[in-house]
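To start, the structure under review is shown below, and the notes come after it.
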Amino acid sequence: YGVHCVTCHGQSGTEGPYDVLVGTEPWEDWPGTRSIGGYWPYATTLYDFISRAMPQLTPGILTPDQSYAVIAYILNLNGIIPDDAVMNAETLPAVVMPARDRFVVDDRQGGPEVR
């Protein structure tokens, strides 16, 4: 985090020119910020996004272990996991995000005609 993320998100995840990462209230600074603790419904989507799109200037350079470490740090800053939690492919899907129940399941049936 200190090498690749701090410039854009700040040391505590609340500063910087880009999205605030720390917070638990939904739509904290809406319409601007959707923090990890207040918006993201699943921890696994963090892995997908961080491993593919971060860091912004050099996306995709993080190794899987680095991606898991960054996610663990961010989740810990949000108070979602403890300091000593180990994050990997087995433990990440078990993380229950605070915003999980704030989303409605899309149970529509059909294809292109459903909008």
Original post:
Which pairs have Cβ atoms under 6 Å, sit 6 or more apart or on different chains, and link a residue in region 60-84 that is crowded, with 20+ Cβ neighbours inside 10 Å to one that is assigned to a loop (DSSP other than H, G, I, E, B) and of a type in the set (Ser, Thr, Tyr)?
Top reply: Val70/Tyr1
Original post:
Which ones in region 85-98 are touching a strand residue (DSSP E or B) at 6+ places or on another chain (Cβ under 9 Å) and open to solvent by less than 60 Å² (accessible area, probe 1.4 Å)?
Top reply: Val95, Met97
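Give Asp48, Asp106, Asp101 a once-over and let me know the one that is of a type outside the set (A, V, I, L, M) and modelled with pLDDT of 95 or more. Step through it out loud before you land on a result.
Working: Asp106 fails: modelled with pLDDT of 95 or more; Asp101 fails: modelled with pLDDT of 95 or more.
Matching residue, one of Asp48, Asp106, Asp101: Asp48.
The values are calculated or read from the model by the stated rules, or taken from the named source; none is laboratory data. Note that the structure is a prediction, hence the values are computed from the model and not measured. Here the Cβ is made from the backbone with ideal geometry for all residues, glycine too, and neighbour counts use every protein chain on show. When the accessible area is computed, the model is the full protein with side chains, heavy atoms only, and any ligands, DNA or RNA have been set aside. Shrake-Rupley method; radii C 1.70, N 1.55, O 1.52, S 1.80 Å.
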